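**Q** Below are the structure tokens for one structure; questions will follow.
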């Protein structure tokens, strides 16, 4: 096991003779099974899974899909806007403001 930042990295010593190797890995015959594990990422996934399983959160998320997501889909499809081209909250706010002005100008 090696520790790279927050990522735990495991690699088997040799699994070329293992009878269940094909069920465990698709790696080439001369390569060993590798496993990466990030505790913080796993914690965050469990936290989000728990939040989304609550009824109240599900209702809020359902509204988001109707109210917000179509606008982002439109910006992506028609303006090619998949990412912000600037850094920093004020600059991102300005860039998103310009995109939304274009969106509402087309919609009106």
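**Q** Taking Cα atoms, how many degrees apart are the long axis of helix 69-79 and the longest axis of the chain, rounded to 10 and kept between 0 and 90?
**A** 80
**Q** May I pose another question? Computed FRET efficiency, Cβ-Cβ of residue 51 and residue 22, R0 30 Å: what is it to the nearest 0.05?
**A** After rounding to 0.05, the efficiency reads 0.20.
**Q** Using Cα-only point scatterers and the Debye equation, what is log10 of I(q)/I(0) for the chain at each q in 0.15, 0.19, 0.23 Å⁻¹, rounded to two decimals?
**A** Cα-only, vacuum Debye calculation for the chain: -0.90, -1.01, -1.16.
**Q** Further, regarding this structure: I'd like the FRET efficiency for residue 104 and residue 31, computed as 1/(1 + (r/R0)^6) with the beta carbon distance as r and R0 of 41 Å, rounded to 0.05.
**A** That gives a FRET efficiency of 0.15.
**Q** For 87, 52, what's the fewest-to-most ordering of other Cβ within 10 Å of each Cβ?
**A** Least crowded to most crowded, the residues run 87, 52.
**Q** Using the scaling law 2.2 N^0.38 Å as the reference, what is the normalised Cα Rg of segment 68-108?
**A** 1.13
**Q** Using Cβ counts within 10 Å as a stand-in for footprinting exposure, how do 25, 57 rank, fewest first?
**A** 57, 25
**Q** Let me ask something else. Compute the long axis of helix 89-107 from its Cα atoms, compare it with the longest principal axis of the Cα atoms of the chain, and write down the angle in degrees, 0 to 90, nearest 10.
**A** Helix 89-107 sits roughly 60 degrees off the main axis of the chain.
**Q** Treat the count of other C-beta atoms within 10 Å as a stand-in for reagent exposure and order 72, 104 from fewest to most.
**A** 104, 72
Every number in this text was worked out from the coordinates using simple rules, so none of it is lab data. As the structure is a computational prediction, the values presented were derived from the model and not from experiment. So basically every Cβ, Gly included, is an ideal-geometry build from the backbone, and we count neighbours across all protein chains shown.
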